[in-house]
1. Go through region 453-504 and give me each residue that's of a type in the set (Gly, Ala, Ser) and either surrounded by fewer than 17 Cβ atoms within 10 Å (Cβ to Cβ) or touching a helix residue (DSSP H, G or I) at 6+ places or on another chain (Cβ under 7 Å) (or both).
2. Report whether or not Arg306 is surrounded by fewer than 16 Cβ atoms within 10 Å (Cβ to Cβ) and at pLDDT 95 or above.
3. Tell me the residue from Leu213, Leu221, Leu227 that is more than 35 Å from the chain's Cα centre (by Cα) and open to solvent by 40 Å² or more (accessible area, probe 1.4 Å), please.
4. So which residues in region 204-222 are part of a loop (DSSP other than H, G, I, E, B) and within 13 Å of Glu261 (Cβ to Cβ)?
5. For Ser190, indicate whether it is crowded, with 17+ Cβ neighbours inside 10 Å, touching an Asp or Glu at 6+ places or on another chain (Cβ under 6 Å) and not hydrophobic (A, V, I, L, M, F, W, C).
6. Just name the residue that is surrounded by the most Cβ atoms within 10 Å (Cβ to Cβ) out of those in region 366-415 that are outside any strand (DSSP E or B) and among the polar types (S, T, N, Q).
7. Does region 169-177 contain any residue that is touching a Pro at 6+ places or on another chain (Cβ under 9 Å) and either surrounded by 15 or more Cβ atoms within 10 Å (Cβ to Cβ) or not aliphatic (A, V, I, L, M) (or both)?
8. Which ones in region 305-336 are basic (Lys, Arg), touching a residue at least 40 places away in the same chain (Cβ under 8 Å) and in a strand (DSSP E or B)?
Amino acid sequence: MQKPSQKPTIFVLAKKCKMTLKHEIDRRRTFAIIAHPDAGKTTLTEKLLLFGGAIHVAGAVKSNKIKKSATSDFMEIERQRGISVATSVMGFEYDGVKINILDTPGHEDFAEDTYRTLTAVDSVIIVIDSAKGVETQTRRLMEVCRMRRTPVIVFFNKLDRPARDPFELMEDVEQELKIRVRPLVFPVGSGASFKGVYDLSAGKISSFQDGQLTPKEEAELRGNVELVEGVYEPFDREAYLRGEVAPVFFGSAMNNFGVRELLDCFIRIAPSPRESATEQRAIAPYEEKMTGFIFKIHANMDPNHRDRIAFLKICSGTFERNRNFLHVRSGKQMKFSSPTAFMAEKKSIVDFAYPGDIVGLHDTGNFMIGDTFSEGERLKFTGIPSFAPELFRYIENADPLKFKQLAKGIDQLMDEGVAQLFTSRLNGRKIIGTVGALQFEVIQYRLEHEYGALCRYEPISIHKACWIESDNRAQMDDFMRRKHTNMAIDKHGRDVYLADTAYALAMAQEKFPDIMFKFTSEI
């Protein structure tokens, strides 16, 4: 007697897997919170985590001193300085939705970490101080979002303090950030007279201090709502998803007000994982085969174990623990026994991860920012920037007995991508290049406290570092010979020209037209 075919069973299982994958993708929201320093970004992150049940006590950042360390600021120097200097990843469930928050550094000296993080998210919440409006770093971050057509939501924070007129703030956003806005809630008063926010879609007010509005306040609110409906077009979700219009919310993250309205709306309108670009083709999240890329590396997340974690963004398919994946750059098959999901510095082993998720991979030095993982296809994800540094120092060993510790520390910290290491071809001295002065302090602090190595800096006069490439070998050799005192190699062995003045750089570009001088490169 012939056995029944197994095809129906296989077909059912395959269909079930596809349905599970689609369900998991559709319920994911992966976003970054960005802001100018002191706008309240980390405080807002804390309150979102509270609503999601991920934490039970929020950290308080007040007067630049952290009383209870914010969950997302896990590095010791962050606790001391009261600032975020590294992107942290946090995941939690809320109302059936899996939310992945990437809290980014606000300080401009660490903007490169933020720019890379924006390659790993599907949407953004921009936090703006209601008393100050749009600030310098807000503009720069919005430019990156615009280039990537990333959907943005604006949260005007600190309404419990004296604030600018709401219409003036929204006009400021439209002019400065070059994006149309549409308020979805509207504030009633500010500072000492802050009474709450009015939900424009639900037609109800959320009271800040359980007080009734006075007749004057009610009349003023009615007038403002009529003005909103008359001036601003109805909210268009498709325009938001195209990055053309920004929904606007008002509240006070410190006092936990207006945050639930933001979160409830966010899970309804924010995009689930979207297509990702590679040099070869576009990757759709619903594809069955796993693909992903490393957008961040962090050394010593747990100083007791000296571990190094690579942050992998899943772009398609299903990532599984103990399953082989191709590390495209090395051509090697790798599997991971302890991939982790994050709650700031707290980690838990994860068996499965889906598009939109961020997975931590234990790294012994094999990985680089920009590395791709797949199920065999050779892909390279695009758009992960590496910026030419603007500030430079020689780095020297301050303790001859700790030479190995210093070398290891520099090597690992440079792999994080927030600073770059150059080795002079003239004398072999090591040069650190950064985009902000505070990075030098952070590197020195981390070398001492995480590696037990002491360093000192010495000045060097460099105007700009640029990578050089050319198909004209003769011209390249001539340039290298003439500029040998200004040549260096980066950590990956690439040639770098360290121009000492703007004039020298301009003359070099004029005299060597076949050489490309690159100031920003993709990793």
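The values are calculated or read from the model by the stated rules, or taken from the named source; none is laboratory data. Quantities reported herein were computed from a predicted structural model and do not represent experimental measurements. Cβ coordinates were reconstructed from backbone atoms using ideal geometry, including for glycine residues, and neighbour counts include every protein chain displayed. Protein only, heavy atoms only, side chains kept; ligands, DNA and RNA dropped before computing areas. Shrake-Rupley method; radii C 1.70, N 1.55, O 1.52, S 1.80 Å.
1. Across region 453-504, the qualifying residues are Ala453, Ser461, Ser470, Ala474, Gly493, Ala499, Ala502, Ala504.
2. No.
3. That would be Leu227, the only listed residue that is more than 35 Å from the chain's Cα centre (by Cα) and open to solvent by 40 Å² or more (accessible area, probe 1.4 Å).
4. The one that is part of a loop (DSSP other than H, G, I, E, B) and within 13 Å of Glu261 (Cβ to Cβ): Phe208.
5. no
6. Gln412
7. Within region 169-177 (the criterion being touching a Pro at 6+ places or on another chain (Cβ under 9 Å) and either surrounded by 15 or more Cβ atoms within 10 Å (Cβ to Cβ) or not aliphatic (A, V, I, L, M) (or both)), the answer is yes, since at least one residue qualifies.
8. Those that are basic (Lys, Arg), touching a residue at least 40 places away in the same chain (Cβ under 8 Å) and in a strand (DSSP E or B): Arg308, Lys313.
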